[in-house]
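Structure record follows, encoded as structure tokens.
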Amino acid sequence: MNRKAFLKNSAILGAGLGLGGFFPFGEALGAARTRITILHTNDTHARIEPFSDSAPNYAGMGGVARRATLIRRLRAEYPDSLLLDAGDVFQGTPYFNKYNGALDFEVMSKMGYDAVTIGNHEFDNAVKGFEEVMHKARFPFVSTNYDFGTTRMGLRVHKFLIRQVGGIKIGIFGLGVAFENLVLPHLHRGVTYLDPVEVAADTTAHLKGYHQCDMVICLSHIGYRYNDNRVSDRVVAQQVDGIDLIIGGHTHTFMPEPELFEKPDGSRTWVSQVGFAGIVLGRLDFYFDRGKRIAAVRNHNYPVTGDNPDSVSLAHLPATTMDLVSG
Ligand SMILES: [Zn+2]
């Protein structure tokens, strides 16, 4: 964790920021001029409805209607925001067997997702199965280390995206997991996996160099960490320079707060992931100084619970708040 100031759990500060103005909680924030809010999910796995009240785990949690309400309220309060998903929208409930992912894409379109990457389960009905429902997605897909060749799927998946949010230029790219032992060859026919570390390094350099992005976000479905030598978000964070944020997926890792990787040159990469099934909505606020450099990061994840999100104050929803004040 950051060797510098590390302030934690300040409900008062949370409430202050919620009012829209800057509430200086450190020198870094005092100098901050712009706040960008990143909302994120991963591995939603066809969880249209909440878990049942009698479920052994996560009873009564999740559900797209509540998530949509929460997102709508957060975006009203924090308009300079992006809503991102790190893949594996497909598979997990009978809704997928019936609608083949079309329903998920429709509700995610209504929620206003800005970018979604491709998980291994997006190939469960083969490339053709994705192509049959992709028109339901009114948001862009982004994946950089899958070469889609001449497939129609490739026509809908961007190599990277660039968005201007609150005057900050943000580059977004995506990483997919190796197909070996996860996706049968006939299901991904026409799509080739490329080395994520190489692709991430090239793409980040391109986004920060040629395109002059102020911030680079990687939407990753390669997994948070492994005990063997498989590439993971931690490996990418350690080996690739210039990625500011990795929103992860695939390993269904509930991270109460992001992990921060600092390089000897002082550059930083934050890694976050919010479990699976839409049980938690992730939120990270990035504060930029006048020079459009990241001055501070704040984390505030929201469990998607049965409490009516219309009737509770966002500042008082049960959540983990962490202030990472970087110097
Ligand atoms: Zn996966």
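Nothing in this text is a laboratory measurement; each read-out follows from the coordinates by a stated rule. Just so it is clear, the model here is predicted, and its values are computed rather than measured. In this analysis, Cβ positions are derived from the backbone assuming ideal geometry, glycine residues included, and neighbour counts consider all displayed protein chains.
When a/c reaches 1.5 or more, the comparison of a/b and b/c decides; with that in mind, is the stretch 169-275 rounded, prolate or oblate per its Cα gyration tensor? Oblate.
For residue 246, the residues 5 or more places off, or on other chains, whose built amide H falls under 5 Å of its own are 218, 270, 271, 272. Rounded, prolate or oblate: which fits the stretch 42-134, taking a ≥ b ≥ c as square roots of the Cα gyration tensor eigenvalues, rounded meaning a/c under 1.5, else prolate when a/b beats b/c? Because a/c hits 1.5 or more and a/b fails to exceed b/c, the stretch 42-134 counts as oblate. Taking amide H atoms as placed 1.01 Å from N in the peptide plane, the amide H of residue 281 lies under 5 Å from those of 302, 304, each 5 or more residues away in sequence or on another chain. Once both labels are modelled 7 Å past Cα along the beta-carbon direction, what's the residue 181-residue 52 spacing in nm? Between residue 181 and residue 52, the label points sit 3.4 nm apart.
The fewest-to-most ranking of 224, 113, 210 by surrounding Cβ atoms within 10 Å reads 210, 224, 113. Each of 37, 44 has some number of other Cβ atoms within 10 Å of its Cβ, and from fewest to most they run 37, 44.
Amide H contacts for residue 158 (H built 1.01 Å from N in the peptide plane; partners 5 or more residues away or on another chain; cut-off under 5 Å): 141, 142, 143. Per-residue 3J(HN,Hα) values for the stretch 283-296, derived from phi via the Karplus relation 6.51 cos²θ - 1.76 cosθ + 1.60 with θ = phi - 60°, read 9, 10, 9, 9, 9, 10, 8, 4, x, 6, 9, 5, 9, 6 Hz in sequence order (x marks Gly and Pro). Per-residue Cβ neighbour counts within 10 Å put 220, 54 in the sequence 54, 220, beginning with the fewest.
Which is farthest toward the positive dipole end of the stretch 33-164 among 54, 133, 160, measuring Cα position about the Cα centre, with Cβ charges +1 (Lys, Arg) and -1 (Asp, Glu)? In the stretch 33-164, that residue is 160. For the stretch 35-287, what class follows from the C-alpha gyration tensor (a ≥ b ≥ c being the square roots of its eigenvalues): rounded when a/c is under 1.5, otherwise prolate if a/b is larger than b/c, else oblate? The shape class here is rounded. Sorting the segments 127-134, 143-150 by their residues' average number of neighbouring beta-carbon atoms within 10 angstrom, most packed first, yields 143-150, 127-134. The stretch 164-225 and the stretch 249-267 have Cα centres separated by 16 Å.
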